[in-house]
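Q: My questions all concern the structure below.
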Amino acid sequence: MEVLPPECARVAGLVERDAAGGGEGVRARVMREHLGWPASDGKEQAARFRAKRLVERGWLTEAWPGLFRPRTA
């Protein structure tokens, strides 16, 4: 994950840890909280944008709308 910007790497790491612990996926609100951003719609949308960018680049998948999981091989 060294090739990712720091915030994107933190999002990808959070999603991977969630999956390793048996989680069903991570939503943008949890990502925003994990990044330490204040509670606001704008910050939640920014977290969702980063996750969707990671989906586009093949790092994550979007299992259902707004629910992000690690990419499986």
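Q: Considering only the stretch 1-12, state which residues are in a helix (DSSP H, G or I), touching a helix residue (DSSP H, G or I) at 6+ places or on another chain (Cβ under 9 Å) and either in contact (Cβ under 8 Å) with a residue 40 or more places away in the chain or loosely packed, with under 15 Cβ neighbours inside 10 Å (or both).
A: Glu7, Cys8, Val11, Ala12
Q: In the stretch 51-73, which residues are of a type in the set (A, V, I, L, M, F, W, C) and either out of contact with any helix residue (DSSP H, G or I) (no Cβ under 6 Å at 6 or more places or on another chain) or in a helix (DSSP H, G or I) (or both)?
A: Ala51, Leu54, Val55, Ala63, Trp64, Leu67, Ala73
Q: I'm told Arg48 meets every condition in (1) charged (D, E, K, R); (2) part of a helix (DSSP H, G or I); (3) within 15 Å of Thr72 (Cβ to Cβ) except one. Can you identify the failing condition by its number?
A: (3)
Q: Is there a residue in the stretch 30-40 that is outside any helix (DSSP H, G or I) and in contact with a helix residue (DSSP H, G or I) (Cβ under 6 Å, 6 or more places away or on another chain)?
A: Yes, some residue in the stretch 30-40 is outside any helix (DSSP H, G or I) and in contact with a helix residue (DSSP H, G or I) (Cβ under 6 Å, 6 or more places away or on another chain).
Q: Any residue at all in the stretch 16-27 that's surrounded by 14 or more Cβ atoms within 10 Å (Cβ to Cβ), among the basic types (Lys, Arg) and touching a strand residue (DSSP E or B) at 6+ places or on another chain (Cβ under 9 Å)?
A: yes
Q: Conditions first: (1) in contact with a Gly (Cβ under 6 Å, 6 or more places away or on another chain); (2) free of Cβ contacts under 8 Å to residues at least 40 places away in the same chain; (3) not polar (S, T, N, Q). Arg27 passes all but one, so which condition is the exception?
A: (2)
Q: Taking the condition of being of a type in the set (Lys, Arg), over 16 Å from Leu4 (Cα atoms) and loosely packed, with under 15 Cβ neighbours inside 10 Å, how many residues in the stretch 28-73 meet it?
A: Result for the stretch 28-73: 1.
Rule-based calculations on the coordinates, nothing more; no lab input. Model, not experiment: these values are computed from the prediction. As a convention, Cβ positions derive from the backbone with ideal geometry for all residues, glycine included, and neighbour counts pool all protein chains shown.
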